[in-house]
Amino acid sequence: MSAFTSKVLVVGMDGLRFDRLLVLDAPVLAGLMATGAYGTSKLPYGEAGTPRTESPGEVVPKTPEPGDGGRVIRSRTDSGPGWSSIATGTWPDKHGIVDNGFANPQFQKFPDFLTRAKTARPELTTSAFFSWAALAEHGAFGPAIDHRFVLDGYTVGWAAADKQVAEAAERHLAEEDPDALFVYLGDTDEVAHDLGPHCLEYAAALQAQDAYLGRLLDAIRARPAYGSERWTVLVTTDHGHVDAGGHGGVSDEERTVFVIANTLGRDLGGRALDGPRLVDVGPTALAVLGVPVEPSWDLDGTPLGI
């Protein structure tokens with residue numbers, strides 16, 4: 001019996017509303033759902049009665065709320081908390097990021113899943129590609145990652161930055177031998193802030209990102225060693241948007257997030273995942289890589305049953 005080398009690609013599409021994804025033309029994502037597994041859940045946080053974030057990186061002060069007993073997570077439904085939760089497998093009250101200011105990071109205690117994979121298995125090659133530079137600058141994805149490609153979407157332009165990020169990741173998959181990758185694409189969020197998620201421009205941004213994802217999958221399948229590899233692909237988002245654009249609050253539209261999971265070459269028939277959470281993405285990637293979650297890590301997430 002031949003042994004496969006397990007590898008994982010995590011793709012993040014910022015501010016992607018799942019209800020819009022279902023009705024818009026995104027054939028690559030639709031294919032991953034049809035042959036994989038997917039589901040939605042609601043973020044366990046949001047700030048009621050505060051201004052909505054109106055640009056991807058805007059810092060809007062959160063409003064303290066009185067505790068009501070038990071665990072209360074006080075955080076805005078913003079990109080900083082969302083991606084930090086995806087990276088670390090913990091919620092904002094642990095990783096410390098409650099808005100886009102990254103003011104109180106706890107990434108030394110709760111490092112990202114690529115860093116944990118590298119620490120547990122130093123022979124692995126880890127890689128991360130971003131069009132939102134804050135994720136690298138503030139340490140949500142740490143310096144121990146082997147290969148990092150970082151652009152500033154504000155400077156380059158989000159659509160152009162996403163294109164360059166996708167091309168860099170595609171080249172990396174074709175020319176190098178990565179074991180675990182994270183690729184961030186941000187134009188969906190930028191467009192939704194400007195025009196809302198129901199406009200033609202939002203559909204176009206999603207379709208561009210869907211095409212980039214397709215090129216990444218093509219690069220994987222074209223790898224000379226692909227026949228001896230088993231690739232798991234996870235696609236997720238950090239938050240939603242209200243219809244007018246913006247987020248930070250507690251509405252279902254802002255809090256609903258999704259996870260799509262697909263092991264290339266296997267057909268799970270579009271199986272429903274039961275409430276997959278952002279914090280489950282990192283532990284799932286680690287499980288694929290053969291890195292068990294240690295109780296001492298105090299993670300909130302658990303591997304998805306895929």
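The values are calculated or read from the model by the stated rules, or taken from the named source; none is laboratory data. Owing to the predicted nature of the structure, the values given are computational and were not obtained by experimental measurement. Here the Cβ is made from the backbone with ideal geometry for all residues, glycine too, and neighbour counts use every protein chain on show. Ligands, DNA and RNA are excluded from the accessible area calculation, which covers all protein heavy atoms including side chains. Shrake-Rupley method; radii C 1.70, N 1.55, O 1.52, S 1.80 Å.
So here's what we get for this one:
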{"read-out": "Any hit, segment 149-156, residues being open to solvent by less than 20 Å² (accessible area, probe 1.4 Å) and in contact (Cβ under 8 Å) with a residue 60 or more places away in the chain", "value": "yes"}
{"read-out": "In segment 147-164, residue nearest to Leu9 (Cα to Cα) [restricted to those that are within 19 Å of the chain's Cα centre (by Cα) and of a type in the set (Phe, Trp, Tyr)]", "value": "Phe149"}
{"read-out": "Scan of segment 227-248 for residues that are in contact with a Lys or Arg (Cβ under 8 Å, 6 or more places away or on another chain) and of a type in the set (A, V, I, L, M, F, W, C), ordered by number", "value": "Trp231, Val242"}
{"read-out": "Residue satisfying all of: in segment 253-279; of a type outside the set (Lys, Arg), in contact with a strand residue (DSSP E or B) (Cβ under 7 Å, 6 or more places away or on another chain) and part of a helix (DSSP H, G or I); farthest from Ser55 (Cα to Cα) among these", "value": "Leu278"}
{"read-out": "Selection count where residues are open to solvent by 10 Å² or more (accessible area, probe 1.4 Å) and at positive phi, scope segment 227-252", "value": "1"}
{"read-out": "All positions within segment 280-304 that are open to solvent by 20 Å² or more (accessible area, probe 1.4 Å), out of contact with any strand residue (DSSP E or B) (no Cβ under 7 Å at 6 or more places or on another chain), in contact (Cβ under 8 Å) with a residue 12 or more places away in the chain and assigned to a loop (DSSP other than H, G, I, E, B)", "value": "Val293, Asp298, Leu299, Asp300, Thr302, Pro303"}
{"read-out": "When residues of segment 254-270 are limited to those that are open to solvent by less than 10 Å² (accessible area, probe 1.4 Å) and of a type in the set (Val, Ile, Thr), the one farthest from Asp243 (Cα to Cα)", "value": "Ile260"}
{"read-out": "Subset of segment 173-226 (residues that are open to solvent by 30 Å² or more (accessible area, probe 1.4 Å), over 27 Å from Val23 (Cα atoms) and not in a helix (DSSP H, G or I))", "value": "Glu176, Asp177, Ala222, Pro224, Ala225"}
{"read-out": "Looking only at segment 34-56, and only at residues there that are part of a strand (DSSP E or B) and modelled with pLDDT of 95 or more, the one that is nearest to Arg255 (Cα to Cα)", "value": "Lys42"}
{"read-out": "Near pairs, Cβ below 9 angstrom, 6+ apart or cross-chain, from segment 188-210 (among the basic types (Lys, Arg)) to any residue that is open to solvent by 10 Å² or more (accessible area, probe 1.4 Å)", "value": "none"}
{"read-out": "Considering residues of segment 103-143 that are of a type in the set (Gly, Ala, Ser), in contact with a Gly (Cβ under 9 Å, 6 or more places away or on another chain) and part of a loop (DSSP other than H, G, I, E, B) only, the residue most open to solvent (accessible area, probe 1.4 Å)", "value": "Ala103"}
{"read-out": "Test result for Asn100, surrounded by fewer than 17 Cβ atoms within 10 Å (Cβ to Cβ) and polar (S, T, N, Q)", "value": "no"}
{"read-out": "Selected residue (criterion: nearest to Ala285 (Cα to Cα)) from residues of segment 1-25 that are polar (S, T, N, Q) and in a strand (DSSP E or B)", "value": "Ser6"}
